[in-house]
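**Q** Quick one: the structure is below, and I'll ask about it shortly.
Just so it is clear, none of the values below were taken in a lab; they were calculated from the coordinates. Model, not experiment: these values are computed from the prediction. Here the Cβ is made from the backbone with ideal geometry for all residues, glycine too, and neighbour counts use every protein chain on show.
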Amino acid sequence: MAEIKVLIEGIHKFLDEGKLRICSTVTLIKSDKNILVDTGSFLDKDKLIEGLKKEGLTVEEIDIVILTHLHLDHLINIYLFKNAKIFCKFNGKSSGQFHIPSEECLKRTEIEDNIKIAKDVEFLLTPGHTPDSISVVVNTNKGKVVIAGDAFPKEEFVDLESQEFLGYGQDMEFDTEEEAQRFLNNLDSREFKRWVEEK
Ligand SMILES: [Zn+2]
């Protein structure tokens, strides 16, 4: 069974000065390979290196990095992992890309549901937040865990039935940033619900 450790907890918060503090969750999977899911924000680089150190790992020892999608707060520290294969999907297409450092070239591979990338670790396509969002399904001794990137924008979102969905044609003027954010979150959940229903 694989083990999972959250190295950095994600944050998406407006600070008092109107600035947005934003960082993806960064998750380590220990299987037959060392896998990192998302890499966090630039400001969290040291925290990330420190988190790996606590797990007895260096950036060089990460074998695979999976980017759940290509928003900056998920990908900006990717350059640290020079020995890793990088998996991401782009432009909503099924093909992704990985880097094989020893061959100094880029190769493409299909990223689809149920493709196994290590022991007890596989992909699950979860479009909604972006068309090309992917999740990672991990078998652990506590059961199946899905690392879903931004597919779940908030905790309450886990209960899809409790979500209120806004209709199309909504007036796009917002008085506050919170209101705008609320609209975006609901937009995500609506798209996600549609995707779940289609499946
Ligand atoms: Zn995002």
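**Q** Kindly flag which residue pairs out of LYS45/LYS107; LYS13/LYS107; LYS19/LYS119; LYS19/LYS144; LYS13/LYS119; LYS19/LYS85 have an alpha-carbon separation exceeding 32 Å in this structure.
**A** The pairs that break the limit, which is 32 Å between Cα atoms, are LYS13/LYS107; LYS19/LYS119; LYS19/LYS144; LYS13/LYS119; LYS19/LYS85.
**Q** In terms of the Cα gyration tensor, with a ≥ b ≥ c the square roots of its eigenvalues, is the range 1-68 rounded because a/c is under 1.5, prolate because a/b exceeds b/c, or oblate?
**A** Verdict is prolate for the range 1-68.
**Q** So, by mean Cβ neighbours within 10 angstrom, what's the order for 74-82, 62-70 with the highest one leading?
**A** 62-70, 74-82
**Q** Here's something else I'd like to know. Note down the nm distance, to one decimal, between modelled labels 7 Å out along Cα→Cβ at LYS30 and at ILE49.
**A** 2.2
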